[in-house]
1. Is it true that some residue in the stretch 251-270 is crowded, with 20+ Cβ neighbours inside 10 Å, of a type in the set (Phe, Trp, Tyr) and either under 30 Å from Leu178 (Cα atoms) or at pLDDT 95 or above (or both)?
2. I'm trying to understand the selection: among the residues of the stretch 164-192, which are surrounded by fewer than 14 Cβ atoms within 10 Å (Cβ to Cβ) and assigned to a loop (DSSP other than H, G, I, E, B)?
3. Determine whether the stretch 216-238 contains at least one residue that is surrounded by fewer than 19 Cβ atoms within 10 Å (Cβ to Cβ), hydrophobic (A, V, I, L, M, F, W, C) and part of a loop (DSSP other than H, G, I, E, B).
4. Report yes if Asp116 is under 20 Å from Gly252 (Cα atoms) and touching a Leu at 6+ places or on another chain (Cβ under 7 Å), otherwise no.
5. Looking at (1) at pLDDT 95 or above; (2) over 19 Å from the mean Cα position of the chain (by Cα); (3) at positive phi, which one does Gly79 not meet, given that it meets all the others?
6. Can you give me the number of residues within the stretch 115-145 that are part of a strand (DSSP E or B) and of a type in the set (Lys, Arg)?
7. With the condition kept exactly as written, say whether any residue in the stretch 125-133 is out of contact with any Asp or Glu (no Cβ under 7 Å at 6 or more places or on another chain), touching a residue at least 40 places away in the same chain (Cβ under 8 Å) and within 15 Å of Leu264 (Cβ to Cβ).
Amino acid sequence: MNNANYICLLIALSVLLLMPAGVLVGQEQSPEGEPAADVQEPTLRVPKPDLQDLEQIRFVTDNDYPPFNYLDEEGELTGFNVDLARALCDELSVECSIRQVPWNRLMEALKEGEADAVIASMRVSEKALQQVDFTDSYYHTPARFVALKSSPIKAVTPEMLADKKIGVVAKTAHEAYLRDFFPGSEIVRHNTMDEAKAALRGGQTDVLFGDGVSIMFWLNGTDSNGCCEFRGGPFTESKYFGEGIGIAIRKGNRKLRDALNYGLFLVRSEGRFEELHLRYFPLSFF
């Protein structure tokens, strides 16, 4: 990725992460020309809830989604989500614990009372809402197409990708989106994102479709060896990719949800959210 594209990408991610409360994310046109549903950030003013009986918040997250949650060189749990959890506890003046749990056990840990909240870049979706409640969204992550730098593919409309091979991780929202809006393409299903990336680099697929944030860090890391770049714009259709990223809590725990929403408001209004962003992402749109 050239420097200009890299800067544009980071600015776009900054906008998604730091969109002021109460501002709508710009509409993304679907392949059929219909605008995606608006996704709204928390309201600008959040009333202070009753925090008298709130003494501790036990967070869980996983450890393999850098820079949001991962293990550092010393094996310590760190990342954007981890530091955000600590900032929330600090703003709410409560004790804080953050423990790592495998991704496939996060919901179980919450339901069984091992934790009070999950802060692991979990999408707010209809399926997830059947099991848990969420706070207001604190950032949004788009879906993106990626191609080899040498690829002649420039646009990513259904017409331009007709008869092309699109790599995607199987049984994901990204696959469902492709099947609904890119019926003329050959969808190549992979078990893992690493497998999908290898297929793209090896020429077995023409483009790759997946989570824009994780792909961004792959593109700018050593593993990609500068092979590829984004093509087309971001896709944020809420039906497939959720209403943003929120903190999951047990069903009906309104008191904790209100407290965390108030904490998110304080973190934003006092500039701490921006500080965390600048710590983990090299460019701010400010």
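The values are calculated or read from the model by the stated rules, or taken from the named source; none is laboratory data. Note that the structure is a prediction, hence the values are computed from the model and not measured. Please note: Cβ atoms are built from the backbone with ideal geometry, for glycine as well, and neighbour counts cover all protein chains shown.
1. Scanning the stretch 251-270, I find at least one residue that is crowded, with 20+ Cβ neighbours inside 10 Å, of a type in the set (Phe, Trp, Tyr) and either under 30 Å from Leu178 (Cα atoms) or at pLDDT 95 or above (or both), so the answer is yes.
2. Lys171, Pro183, Gly184, Asn191, Thr192
3. yes
4. Against the criterion (under 20 Å from Gly252 (Cα atoms) and touching a Leu at 6+ places or on another chain (Cβ under 7 Å)), Asp116 qualifies.
5. Evaluating Gly79 over (1) at pLDDT 95 or above; (2) over 19 Å from the mean Cα position of the chain (by Cα); (3) at positive phi leaves (2) as the failure.
6. Residues of the stretch 115-145 that are part of a strand (DSSP E or B), as a first pass: 117-123, 132-134, 139, 143-145.
Next, only the ones that are of a type in the set (Lys, Arg) stay: 123, 144.
The qualifying residues number 2.
7. Yes, the stretch 125-133 has at least one match.
Each row is one residue, and each column tells you yes or no for (1) more than 18 Å from Asn69 (Cβ to Cβ); (2) outside the structural domain of Leu84 (by TED's automatic domain parsing); (3) more than 16 Å from the chain's Cα centre (by Cα).
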{"position": "His174", "(1), (2), (3)": "yes, yes, no"}
{"position": "Pro183", "(1), (2), (3)": "yes, yes, yes"}
{"position": "Met216", "(1), (2), (3)": "no, yes, no"}
{"position": "Asn225", "(1), (2), (3)": "yes, yes, yes"}
{"position": "Gly232", "(1), (2), (3)": "yes, yes, yes"}
{"position": "Phe235", "(1), (2), (3)": "yes, yes, no"}
{"position": "Ser269", "(1), (2), (3)": "yes, no, yes"}
